[in-house]
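Chemist: Structure in structure tokens, see below.
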Amino acid sequence: MSGETTISKPEPNLVKKGKFYFIFEDSQFLILVDKTKRGLEVKDTINDENSKVISERGMIYDMEGTGHKVVKRWFYPKSQYDLKFITVIAERMEKKYNEIREMTCPDEL
């Protein structure tokens, strides 16, 4: 065994979930995860222009092979945001995805 010390971050706790989202909590953040983008590799971490919080983005590709960076996870500081606020955002996202699903896959509802 080497003399290295490793510190592992505890896994965030799931506090709420919907059909298209998860909300996790760790010691500093409420973390909103878009389930539709779960398999995307994180390409970068940014300050999201819309939400004004730290966000992780992945890359999706359209039919022509053009890549588009999309946010897959938002980190809301618990010192500034509460679960009720994050749930409103998550439910808005859920509504948007349900509307898309109704238009594109009406037989699967």
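Chemist: Suppose we keep only residues that are of a type in the set (Gly, Ala, Ser) and under 28 Å from ARG101 (Cα atoms) within the range 1-52. Which one would you say is modelled with the lowest pLDDT?
Modeler: My answer is SER51.
Chemist: Could you tell me whether any residue of the range 81-96 is at pLDDT 95 or above and not in a helix (DSSP H, G or I)?
Modeler: Yes: one or more hits.
Chemist: Also, I was wondering about something else. Can you run down the residue pairs with Cβ atoms below 6 Å, 6 or more apart or on separate chains, where the first is in the range 69-80 and modelled with pLDDT of 95 or more and the partner is among the β-branched types (Val, Ile, Thr) and assigned to a loop (DSSP other than H, G, I, E, B)?
Modeler: TRP74/VAL53; PHE75/VAL53; TYR76/VAL53
Chemist: Condition first: of a type in the set (Lys, Arg) and touching a helix residue (DSSP H, G or I) at 6+ places or on another chain (Cβ under 9 Å). Can you find one or more residues in the range 88-109 that meet it? Step through it out loud before you land on a result.
Modeler: Of the residues in the range 88-109, the ones of a type in the set (Lys, Arg) are 92, 95-96, 101.
Filter once more, so that each one left must be touching a helix residue (DSSP H, G or I) at 6+ places or on another chain (Cβ under 9 Å): 101.
Looking for residues that are of a type in the set (Lys, Arg) and touching a helix residue (DSSP H, G or I) at 6+ places or on another chain (Cβ under 9 Å), one finds at least one in the range 88-109, hence yes.
Chemist: State yes or no: is ILE60 under 22 Å from LEU30 (Cβ atoms), surrounded by 10 or more Cβ atoms within 10 Å (Cβ to Cβ) and in contact (Cβ under 8 Å) with a residue 12 or more places away in the chain? Spell out the reasoning first.
Modeler: On the way: under 22 Å from LEU30 (Cβ atoms): no; surrounded by 10 or more Cβ atoms within 10 Å (Cβ to Cβ): yes; in contact (Cβ under 8 Å) with a residue 12 or more places away in the chain: yes.
No.
Chemist: Can you name every residue in the range 31-66 that is out of contact with any strand residue (DSSP E or B) (no Cβ under 7 Å at 6 or more places or on another chain) and under 25 Å from PHE85 (Cβ atoms)? Before you say what the answer is, go through the steps one by one.
Modeler: Residues of the range 31-66 that are out of contact with any strand residue (DSSP E or B) (no Cβ under 7 Å at 6 or more places or on another chain), as a first pass: 36, 38-39, 49-50, 52, 63-66.
If the condition is that a residue be out of contact with any strand residue (DSSP E or B) (no Cβ under 7 Å at 6 or more places or on another chain) and under 25 Å from PHE85 (Cβ atoms), then THR36, ARG38, GLU49, ASN50, LYS52 are the ones that fit.
Chemist: When you scan the range 17-51, how many residues do you find that are hydrophobic (A, V, I, L, M, F, W, C) and closer than 14 Å to ARG92 by Cα?
Modeler: Going through the range 17-51 one residue at a time, the tally reaches 5.
Chemist: Within the range 19-45, which residues are in a strand (DSSP E or B), touching a residue at least 24 places away in the same chain (Cβ under 8 Å) and among the hydrophobic types (A, V, I, L, M, F, W, C)?
Modeler: Scanning the range 19-45 gives ILE23, PHE29, LEU30, ILE31, LEU32, VAL33.
The values are calculated or read from the model by the stated rules, or taken from the named source; none is laboratory data. A quick note: this is a predicted structure, and the numbers were derived from the prediction, not measured. Note that we place each Cβ from the backbone using ideal geometry, even for glycine, and neighbour counts take in every protein chain shown.
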